[in-house]
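Data first, discussion second: the structure below is written as structure tokens.
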Amino acid sequence: MKLQQLKYIWEVAHHDLNVSATAQSLFTSQPGISKQIRLLEDELGVEVFTRSGKHLTRITPAGEIILREAGEILRKVDGIKRIAQEFSNQRKGDLTIATTHTQARYALPPVISQFMKEYPEVSLHMHQGTPVQISEMAADGTADFAIATEALELYSDLIMMPCYNWNRCVVVPKDHPLAQIDRLTLKELAQHPIVTYVFGFTGRSKLDEAFQAEGLTPKVVFTAADADVIKTYVRLGLGVGIIASMAYDPKQDTDLVPLDASKLFEPSTTKIGFRKGTFLRGYMYDFMQRFAPHLTRERVEQAASCSSKTDLDEVFKDIELPVH
């Protein structure tokens, strides 16, 4: 059994069983990958993948378990490489972040800009996706950090740390009736068609809970994962927009009126998560503290040593999170 063979089956499984796409991503040949997978299966005496002709069709039950163990081995190898890199060159390496559009577009740019100036030899990679996809990427080692508001708690093998609280604002065109009122209420808001986030994105659950608590059924006519798309359709007159407050840009959104909705909805908390047991390099600790100043190396290490959510909550119980 070779490490390269484990790498190949892992990558094939994460490229939707497409050997050709896997070969392209690994800069190698498709026949070479297929041959090594066959050699591994022959050695193990079981198939990792079922086939229809030359095509892989699904992962076998044995393959599911083998892939899980292969992932752990590959993560351990990656950890060993990181340890060596940390001692050979502390300011050179890679950092992969998985996050949502809102975080990537509005919260992260100043942090990343400062970080890259400080660490020009660190290659930074960003993946955008749904909160579930983001969490999965951190859980399986594809990403070093997951930054999101929802779904991180679904993964028990992630260390999740609170970064900041945020709330929402309602955006409407200048000539909209809501732009003329002094105090916005949920009842008034529910009388208008609403354009907002897809369920499961950017604290959408808090929005739904607030209307339900008042016995109101909002007319959500359009949803999107991207705040810029939501604002575009508000401009087209499709409805009033409910977005994260940080997503209103006073320089670019001058044609829209922001209405404070922080009293209407419970605040949401953005968290950063990484897989338990991950070896964190020095610049990774620095990145987290730049994103959330209270995430000092000492506090992160304390959080990483927690064995339960109760212990983790205890680490942050006295922290007053900033509001964005």
Diffing the range 314-323: the Karplus 3J(HN,Hα) column from phi (6.51, -1.76, 1.60, θ = phi - 60°), in whole Hz with x for Gly and Pro, holds 5, 4, 10, 5, 9, 8, 8, 5, x, 10
Quick check for you: with a 1.4 Å probe and neighbouring chains kept, what is the accessible area per residue of the range 6-61, in Å²? 59 Å²
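I need the peptides 304-316, 91-103 ranked by packing, meaning the mean over residues of other C-beta atoms within 10 angstrom, with the highest value on top.
Packing order, densest peptide first, comes out as 91-103, 304-316.
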Taking the dipole about the Cα centre of the range 127-251, with the C-beta of Lys and Arg at +1 and of Asp and Glu at -1, give me whichever of V229, P131, G141 is farthest to the positive side. V229
Counting each DSSP H run of 4 or more residues in the chain as -39500 (n - 2.57), what helix-only mean residue ellipticity at 222 nm follows after dividing by all residues, to the nearest 500 deg cm²/dmol? -12000 deg cm²/dmol
Compute the angle between helix 61-88 and the longest alpha-carbon principal axis of the chain, please, reported from 0 to 90 degrees and rounded to the nearest 10. 80 degrees
Angle between the chain longest axis and helix 282-291 axis [Cα atoms, degrees, rounded to 10]: 10 degrees
Can you give the net charge of the other residues whose Cβ lies under 14 Å from the Cβ of D182, counting K and R as +1 and D and E as -1? 0
Hey, what do the phi angles of the range 301-310 turn into as Karplus ³J(HN,Hα) couplings, whole Hz, using 6.51/-1.76/1.60 and θ = phi - 60°, x for Gly and Pro? 5, 5, 5, 5, 8, 6, 9, 8, 5, 4
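Given an 8 Å cut-off on Cα distances and at least 6 residues of separation, report the relative contact order of the range 1-143 as a percent.
Relative contact order comes out at 19 percent.
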Output the relative contact order of the chain, whole-number percent, from Cα pairs under 8 angstrom with separation of 6+ residues. 19 percent
Tilt relative to the chain, helix 30-44 - C-alpha long axis, 0 to 90 degrees, to 10: 70 degrees
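With contacts defined as alpha carbon pairs under 8 Å and 6 or more residues apart, what's the relative contact order of the range 215-324 in percent?
Details: 36 pairs, mean separation 16.6, N = 110.
Dividing the mean separation by the residue count of the range 215-324 yields 15 percent.
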If you roll a 1.4 Å probe over the range 1-141 with all protein chains in place, what percent of the accessible area is carbon or sulfur? 53 percent
Computed over the range 149-303, protein heavy atoms only, probe 1.4 angstrom, the accessible area per residue in square angstrom equals 45 Å²
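The values are calculated or read from the model by the stated rules, or taken from the named source; none is laboratory data. These numbers were taken from a predicted model, which means no experiment stands behind them. All Cβ positions, glycine included, derive from the backbone under ideal geometry; neighbour counts span all protein chains shown. Only protein heavy atoms, including side chains, enter the accessible area calculation; ligands, DNA and RNA are left aside. Shrake-Rupley method; radii C 1.70, N 1.55, O 1.52, S 1.80 Å.
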